[in-house]
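Here is the structure we will look at.
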Amino acid sequence: QVMVDSLVARQRAMSFLHAQQTRDLIELAATVAEVPDDSREFLGCELGLALGVADSTASGYLTEAIDLATRCPATLAALEAGDITAAKAATIRRGTQDLPDDITPVVEADVLPTAGRCTMPELRNRIARSVIRRDPDGADRDSTRRRDPHIAHRDRGRDRRALLLRVVPGRHAGARLR
């Protein structure tokens, strides 16, 4: 039991460190945003060089950090408290990214109390159920945002295999074709 307790404590510490890195990225982005020259354009490149990752990866870190702090502050707080892992925080962020600003905190409130104890598939399912319950008009809103709802779209499913999506106007009318 001592070893399990040690692993749990280290996981909580890693979550806290990830949250601190997220806050550092936010502060870095805010500092660079105040600079009047074109150095903002190269922030991803500079960060990528410093961290040993691609420019696009570093830019993704910045985008994700800002998104987590602005749209999902309760998720960031749970990460900082060590209640959830960085992977679970990212799952909540991605699962709520298309929601209106007033719905995201409600979905967070639905899923965060149990997020630390559930598996990733369970968390994805809980997020999906909450989104459907809290934003029932989301499917209609999403279909009206597209230019032509009759166009077939290529998408990647959760299992990373390519899927073809045929979007038809109206609620629950989309059909997936493999």
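No lab work stands behind these numbers, since they all come straight from the coordinates. Keep in mind that this is a model prediction, so the values were computed, not measured. As a convention, Cβ positions derive from the backbone with ideal geometry for all residues, glycine included, and neighbour counts pool all protein chains shown.
Given labels modelled 7 Å from the Cα in the Cβ direction, how far is it in nm from Arg133 to Val35?
In this crude label model, Arg133 to Val35 measures out at 4.6 nm.
Rounded, prolate or oblate: pick one for the range 49-145, where a ≥ b ≥ c are the square roots of the eigenvalues of its C-alpha gyration tensor, a/c under 1.5 means rounded, and failing that, prolate if a/b is larger than b/c, else oblate.
Judged from the Cα gyration tensor, the range 49-145 comes out oblate (a/c at least 1.5, b/c at or above a/b).
Could you work out the local net charge near Ala54, counting Lys and Arg as +1, Asp and Glu as -1, over the other residues with Cβ closer than 15 Å to its Cβ?
On the way: positive: none; negative: Glu46, Asp55, Glu64.
Computed value for this residue: -3.
What does the charge dipole of the range 1-133 about its Cα centre add up to, to the nearest 20 debye, if the Cβ of each Lys and Arg holds +1 and the Cβ of each Asp and Glu holds -1?
860 debye
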